[in-house]
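Data first, discussion second: the structure below is written as structure tokens.
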Amino acid sequence: MKKGIIVVVLVLFVLTSFRMQENLDVPESWPKPFYSYEKYPLQQAQVNLGKALFYDNILSKDSSISCSSCHLSYTAFTHVDHDLSHGIYDRIGKRNAPALMNLAWSQYMMWDGAINHIEMQALAPIHDTTEMAETIEHVVDKLNRSTLYKKLFYIAYKDSVATGEKTLKSIAQFLRTLISANAKYDQVKRGETAFTAQEQQGYILYQNYCSSCHQEPLFTTYQFANNGLKPDSILKDIGRANITQRAEDSFKFKIPTLRNIEYSFPYMHDGRFKTLRQVLNHYTDGIQFSNTLDETLRKPIPLTSNQKVDLIAFLLTLSDKEFLFNPAHQYPKEIFGVMPK
């Protein structure tokens, strides 16, 4: 009976191994993805494999954590219970885990842009000694000893042998399907509903004070900026300058998207702010001047207490519960539930 179930699952995977970019719900008004679906076509079987890898502890040295340990689907693919990411042996990382969505539009990955291609992204946490503390070579060796992954790699690539290239590509394929585009904001733009008076007022405030860095419709430019945070004396993180070695990049970090911000707390690269009110208080009263401070922040943002409430009301319209609870993004019970590793 168990063998029969496995055969059925394999058949289903084969039937869904077609090119799938036409099935991704990308609004026509959005800009073309950096990783375009024409240049980097998606194959459903490779996405399935990537999702399995994303949720599997096999990527870590002691098989204790997976990508999903720090990137939870229900919280916009980030963590919410601590400021900094946690790795194997309860090691503490240096930064807050970024939310994962709409990554097909982002050339650079990580808070400092250390990774310049999405297919290389998974190498960073796999090799980081405070996160997974593994090597891609050893991960591949483990995958090639797995009955499950021999099947999944064969279905995805017509070759049961796992390689580092195919492993990283598959994870990237899954990440590129994490598209959030159906919040109330999107429904308003499609003419399906309308903002409340408070949300509309918040939208105007957003356009006046936030949109230069958090541009519609992605609510980020995917560029790097110094937003005036006081440097942490313990972490001593200088951001983008760690990668470029240029003084003009000091304390610049990748601009995060505002989409699903209701669920992606704590905020900033080091998770120092727990609430949106604290974030807004920073922009009105807490900006620290430095030579690389973004020009739009050279003066504090003049928001009253009531205006902060209005702006937060608008930000909540960027919550996309369809994305958060999409079964296509969640733990693949259809794989791990019926197939032995």
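The rows are residues; the columns are (1) in a helix (DSSP H, G or I); (2) on the phi > 0 side of the Ramachandran plot; (3) aliphatic (A, V, I, L, M).
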| site | (1), (2), (3) |
| --- | --- |
| I65 | no, no, yes |
| V80 | no, no, yes |
| L84 | no, no, yes |
| Y89 | yes, yes, no |
| K94 | no, no, no |
(message) I need the full set of residues from the stretch 230-253 which are among the acidic types (D, E) and either touching a Ser or Thr at 6+ places or on another chain (Cβ under 9 Å) or modelled with pLDDT of 95 or more (or both), in order please.
(response) D237, E248, D249
(message) For the stretch 37-61, give me each residue that is farther than 18 Å from K150 by Cβ, in a helix (DSSP H, G or I) and in contact (Cβ under 8 Å) with a residue 40 or more places away in the chain.
(response) V47, F54
(message) Would you confirm whether or not the stretch 265-279 contains a residue that is at positive phi and not small (G, A, S)?
(response) yes
(message) Checking T196 against (1) touching a strand residue (DSSP E or B) at 6+ places or on another chain (Cβ under 7 Å); (2) surrounded by fewer than 16 Cβ atoms within 10 Å (Cβ to Cβ): exactly one of these is not met. Which one?
(response) (1)
(request) May I ask you to say which residue of S290, S319, S264 is among the small types (G, A, S) and more than 18 Å from the chain's Cα centre (by Cα)? (result) S290
(message) Of the residues E322, E248, E262, only one is in contact with a helix residue (DSSP H, G or I) (Cβ under 9 Å, 6 or more places away or on another chain), surrounded by fewer than 14 Cβ atoms within 10 Å (Cβ to Cβ), in contact (Cβ under 8 Å) with a residue 40 or more places away in the chain and outside any strand (DSSP E or B); which?
(response) E248
(request) Please enumerate the residues belonging to the stretch 133-169 that are touching a residue at least 12 places away in the same chain (Cβ under 8 Å), of a type in the set (S, T, Y) and surrounded by 14 or more Cβ atoms within 10 Å (Cβ to Cβ). (result) S146, Y149, Y157, T163, T167
(message) Anything in the stretch 224-245 that is among the hydrophobic types (A, V, I, L, M, F, W, C), in a loop (DSSP other than H, G, I, E, B) and over 30 Å from Y74 (Cα atoms)? List them, or say none.
(response) I234, I238
(message) Of everything in the stretch 268-282, what is in contact (Cβ under 8 Å) with a residue 40 or more places away in the chain and not in a loop (DSSP other than H, G, I, E, B)? Give them in sequence order.
(response) H282
(request) List the helices (runs of 4 or more DSSP H) that sit entirely inside the stretch 108-193 and contain at least 1 residues that are farther than 28 Å from P27 by Cβ, at pLDDT 95 or above and over 22 Å from the mean Cα position of the chain (by Cα). (result) 136-143, 147-157
(message) Any residue at all in the stretch 37-45 that's under 23 Å from I261 (Cβ atoms) and surrounded by fewer than 23 Cβ atoms within 10 Å (Cβ to Cβ)?
(response) no
(request) Mind telling me which of the residues H282, H329 ends up being outside the structural domain of E248 (by TED's automatic domain parsing) and either under 30 Å from L235 (Cβ atoms) or surrounded by 20 or more Cβ atoms within 10 Å (Cβ to Cβ) (or both)? (result) H329
(message) I'd like the full set of residues that are surrounded by fewer than 19 Cβ atoms within 10 Å (Cβ to Cβ) and of a type in the set (G, A, S), limited to the stretch 94-118.
(response) A114
(message) If Q121 satisfies all but one of (1) surrounded by 21 or more Cβ atoms within 10 Å (Cβ to Cβ); (2) touching a strand residue (DSSP E or B) at 6+ places or on another chain (Cβ under 8 Å); (3) in the same structural domain as R298 (by TED's automatic domain parsing); (4) not β-branched (V, I, T), what's the number of the condition it fails?
(response) (3)
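The values are calculated or read from the model by the stated rules, or taken from the named source; none is laboratory data. For clarity, every value in this text was computed on a predicted model and none was experimentally measured. Don't worry about glycine lacking a Cβ; one is built from the backbone with ideal geometry, like all the others, and counts go over all protein chains shown.
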